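Working notes, beginning with the structure itself.
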Amino acid sequence: MTETNLSKTPKAPADAAPAKGATVAVDPRLLVREEGLTGYWTDFKRKMRSGELGSVPVVVGLIIIWAIFQSMDSAFLSAENLSNLSVYIVGTGLISVGIVFVLLLGEIDLSVGSVSGLASAIFAVLAVNNGVTEWVAVLAALLTGAVVGALHGFFFAKIGVPAFVVTLAGLLAWNGLMLKVLGTTGTINLRDDSLVGTLSNHYFAEIAVAYGTAAVAVGVFFVVQFLGARRRAAGGIPSRPVSEIVVRTALLAVLAFGAAHMLNQYKGMPLALLIFLVVLVALDFLLRRTSYGRKVFALGGNTEAARRAGINVELVRISVFSIAGTMAAFGGLMIASRILAANQGAGTGNLLMEAIAAAVIGGTSLFGGRGNVWSALLGMLVIGSIANGMALLGIAAAVQYMITGAVLLAAVVIDSVSRRTQRSAGRG
């Protein structure tokens, strides 16, 4: 049939009744909202059966971990301990955010630990040893991470060297360069009143800061959800009713103001946590609300299809590794801020494994195309809670590593089973 014939084919009127015995396709999201709470419960069970688990496993796991440690030591859920935990997770969490971007492509970056150590060393040498203005030294450190990440991306995207090999080489090379930069002293101490020093050691004692942050977060969430629902409704796309948006906002308000109240019971809102949350919101917007973010997900889903759709695959890959390098540098500065030093041990040990584990435990798939930056926060809460709880109980670090490894394996198993279940349900 030609295009002309198609244009002349009579169309059925919009209110025409379906043919007798015909099955009318109805968007399940419409049925869910028409049935009220029963519909939502039915939809939740359907998602669980089809493998669409989302963040449910990690949230349930975190609740169990907190309940166990609280039952063994009542100080675990104290305001002081949770405040310290919120600061502890920031450095590695920022590195993990960069890992999330790389994992969305279905790749891996083994160099982020070494890059974080190199960045902190460059900052310390410039600011402390050479008297360079701290803001300039910070920018130099972040730029170093961005350039190093772009270099990894170039070899991967343009030359075709596997990301695993490129970043493994980077792990060794940048660690060696860090040792060279630090020189014979090996350790450079930072002042607690310096620019970087205050990042992890400053607290906003005014209770209005923590409550204000919670209020802004809740307000922005409601506005974004409400306007998004209006746009979808105007376009004839199923959207959340106002009642559901209000319920979601209320749940967020309980969590946000509860956290704010807890922080105000100790020293107030930590600057480090505030920075982490701002970074998460900004990068979440980048991934979910921009064409660049859609390109990243497209590459993780099907690289060849993305290429045929006109996406510059090489450029996106290079940019993703550059983002990972920048976040590694940022995380390195935050870790140096927390310990008030840049030393030869920076970026080594279990830092790399924790950053990768946090992203995977939080729900980002190792197979690419699925996840979000909030995975880093959830995953670090799990890992940090395990480390913190065992430290309170005086349990050896060896046991901590074994338990963290078991949690990571469980997360990967859940991810694999989830993908297989979705494929069986026709959603993979």
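Below are the figures for this structure:
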quantity: The listed residue being over 24 Å from residue 319 (Cβ atoms), open to solvent by less than 40 Å² (accessible area, probe 1.4 Å) and at pLDDT 95 or above, out of 146, 137, 150; calculated: 137
quantity: Any chance residue 168 is open to solvent by 50 Å² or more (accessible area, probe 1.4 Å) and out of contact with any Leu (no Cβ under 8 Å at 6 or more places or on another chain); calculated: no
quantity: All positions within the range 179-198 that are in a helix (DSSP H, G or I) and open to solvent by 30 Å² or more (accessible area, probe 1.4 Å); calculated: 179, 180, 181, 195, 198
quantity: Complete set of residues in the range 153-195 that are within 14 Å of residue 319 (Cα to Cα) and small (Gly, Ala, Ser); calculated: 153, 157, 163
quantity: Residue list for the range 294-315, filter: in a helix (DSSP H, G or I), of a type outside the set (D, E, K, R) and over 10 Å from residue 104 (Cα atoms); calculated: 303, 305, 306, 313, 315
quantity: Odd one out for residue 238 among (1) in contact with a Leu (Cβ under 9 Å, 6 or more places away or on another chain); (2) of a type outside the set (Lys, Arg); (3) surrounded by 18 or more Cβ atoms within 10 Å (Cβ to Cβ); calculated: (3)
quantity: Output for the range 275-311, where each listed residue is closer than 27 Å to residue 88 by Cβ and crowded, with 18+ Cβ neighbours inside 10 Å; calculated: 276, 279, 280, 283, 287
quantity: Residue pairs meeting the criteria (Cβ under 9 Å; at least 6 apart or on separate chains; first within 20 Å of residue 207 (Cβ to Cβ), in the range 244-260; second of a type in the set (S, T, N, Q) and open to solvent by 20 Å² or more (accessible area, probe 1.4 Å)); calculated: 256/213; 260/213
quantity: Filter pass, residue 416 being more than 16 Å from residue 99 (Cβ to Cβ) and modelled with pLDDT of 90 or more; calculated: no
quantity: Flag for residue 271 being open to solvent by 20 Å² or more (accessible area, probe 1.4 Å) and within 17 Å of the chain's Cα centre (by Cα); calculated: no
quantity: Pair list, Cβ under 7 Å, 6 or more apart: the range 373-399 residue within 17 Å of residue 77 (Cβ to Cβ), other residue among the polar types (S, T, N, Q) and open to solvent by 10 Å² or more (accessible area, probe 1.4 Å); calculated: 386/400; 386/404; 387/400; 388/81; 390/400
quantity: Flag if residue 416 is surrounded by fewer than 18 Cβ atoms within 10 Å (Cβ to Cβ) and within 21 Å of residue 107 (Cβ to Cβ); calculated: yes
quantity: The range 206-229: number of residues that are surrounded by fewer than 12 Cβ atoms within 10 Å (Cβ to Cβ) and over 18 Å from residue 282 (Cβ atoms); calculated: 1
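Listed here are the residues, each with its yes/no results for (1) of a type outside the set (A, V, I, L, M); (2) not in a helix (DSSP H, G or I).
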| position | (1), (2) |
| --- | --- |
| 213 | yes, no |
| 217 | no, no |
| 225 | yes, no |
| 233 | no, no |
| 238 | yes, yes |
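The values are calculated or read from the model by the stated rules, or taken from the named source; none is laboratory data. Since this is a predicted model, take the numbers as computed values, not measurements. All Cβ positions, even for glycine, are placed from backbone atoms using ideal geometry, and neighbour counts span all protein chains on display. Accessible surface areas use protein heavy atoms only, side chains included; no ligands, DNA or RNA. Shrake-Rupley method; radii C 1.70, N 1.55, O 1.52, S 1.80 Å.
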